[in-house]
Amino acid sequence: MTPDNRTQVLISVGTNLDRRKHLPEAIRLLRRNRFLDVNEVSRVFESPSVGGGASAPDFYNAAVHACTGLEPKELRDELRHIEAVLGRVRGEDPDAPRTIDLDIAYYDDLVDTDGLRIPDPDVLTAPHVAVPIADVAAEWVHPETSQTAYEIASALDTTRVRVVPDLHLMSRKRSSFDDNWDDDRLEVYAPRMEALVHQHLIEIGEDPEREGLLRTPLRVAKATDYITSGYATSLEDVVNNAIFDAEGADEIVLVKDIEFYSMCEHHMLPFFGKAAVAYLPDDKIIGLSKMARIVDLYARRLQVQERLTNQVARAVQDVLNPHGVAVVMDGRHLCMMMRGVQKQESSTVTSAMLGTFKSDARTRAELLDLL
């Protein structure tokens, strides 16, 4: 187990239908899944279809090293859901072409041969599975054979497995296999989103092929995923059990000047500012950094400031059940500043008061003095 009680896992990824779209999209959905923390992704390897006949399209394969709090069957179900999102329909023919194949290769050192067959038997016999795993986790030890992933892959015939040099899915550390293949590659992140950005550039009259814009669709896709990462995170993940006994703390706890950046849901333009979050403890307190993380959790979504303020207040109320919660946010909105009424100096202040801060004027006045 990892220090936060999450389990280290290795996931095998493969596709032989529309490979350059489905493989990056699968990796992106794994990255955005709230139950997974993706650490590294291997390079992409091409190999012939196994059992599909000479006319079957070749496969693109990769391996993902991640952490999860899910149990093995829950993880399998989550992977099946991602497969379904990408159009995978599992039929009776195990060798049929598929848009995406997501399998648990290793789940820590678990050995489960009855239900899920973990480790996946293919990690010992199939080069298209073993090589990507060795590329991303060369020192991973097989719980039954005690061989490392590198030793397993090195013992197999890898002559029909070749790296795809121009398809790079994620920055990664160099591995023991880096000397075996050339590594001249271009990064691919989210083909569908990048295609939309490419078309958007054309619609506004730009040339997406000019030098300054060649990688703009990639950058926009990455930036969009980051600034909307709140959709892929939960309150439980953010708090991560950082709740402690109050031990006599019964006065206002206030964290102020928390910077926030969000996106207006009406125009998808940024708004930003500072937040103050206060609570009056009952018998629990929370790690101070978690207050800022809770603000980020809800700010990194398409928002309106009024709802954002209330969501932060309700979140603190839910995790601590204190006597009272107060949130005050002061934001500047580019949808007002650079378009529309174009009032560059305007700002918006919103507040949410719960419990004692709402019902007791003296407590509310004390808070306002602190602010």
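For segment 134-156, the candidate set comprises residues that are surrounded by 17 or more Cβ atoms within 10 Å (Cβ to Cβ) and among the hydroxyl-bearing types (Ser, Thr, Tyr); within that set, the residue that is farthest from residue 40 (Cα to Cα) is 154. Among the helices (runs of 4 or more DSSP H) confined to segment 266-371, the ones with at least 1 residues that are over 23 Å from residue 233 (Cβ atoms) and of a type in the set (Phe, Trp, Tyr) are located at 356-359. Between 328, 316, 349, the distinction of being more than 28 Å from the chain's Cα centre (by Cα), modelled with pLDDT of 95 or more and closer than 27 Å to residue 248 by Cβ belongs to 328 only. Taking every residue in segment 224-241 that is under 22 Å from residue 190 (Cβ atoms) and pairing it with any residue that is assigned to a helix (DSSP H, G or I) and acidic (Asp, Glu), at least 6 positions away or on another chain, yields no pair with a Cβ-Cβ distance below 7 Å. Contact annotation: residue pairs with Cβ atoms under 8 Å, 6 or more positions apart or on different chains, pairing a residue in segment 319-348 that is of a type in the set (D, E, K, R) with a partner that is buried (at least 17 other Cβ atoms within 10 Å of the Cβ), are 330/273; 330/275; 332/271; 332/273; 343/336; 343/337.
Within segment 333-351, identify whether any single residue is aliphatic (A, V, I, L, M) and closer than 26 Å to residue 318 by Cβ, and answer yes or no. Don't jump to the end; show me each part of the working.
To start, the set of residues in segment 333-351 that are aliphatic (A, V, I, L, M) comprises 334, 336-338, 341, 349.
If we keep only those that are closer than 26 Å to residue 318 by Cβ as well, we get 349.
Within segment 333-351, one or more residues are aliphatic (A, V, I, L, M) and closer than 26 Å to residue 318 by Cβ.
Here is a list: 56, 63. Which entry is surrounded by 12 or more Cβ atoms within 10 Å (Cβ to Cβ) and at pLDDT 95 or above? Lay out the reasoning, then the answer.
Details: 56 fails: at pLDDT 95 or above.
Selected residue: 63, the only one of 56, 63 that is surrounded by 12 or more Cβ atoms within 10 Å (Cβ to Cβ) and at pLDDT 95 or above.
Output the number of residues of segment 40-86 satisfying the condition of being without any contact (Cβ under 8 Å) to a residue 60 or more places away in the chain and of a type in the set (Gly, Ala, Ser). Counting residues in segment 40-86 that are without any contact (Cβ under 8 Å) to a residue 60 or more places away in the chain and of a type in the set (Gly, Ala, Ser) gives 9.
The values are calculated or read from the model by the stated rules, or taken from the named source; none is laboratory data. What you see is a predicted model, and the numbers here were worked out from it, not measured in a lab. No Cβ is skipped: glycine too gets one built from the backbone with ideal geometry, and neighbour counts run over all protein chains shown.
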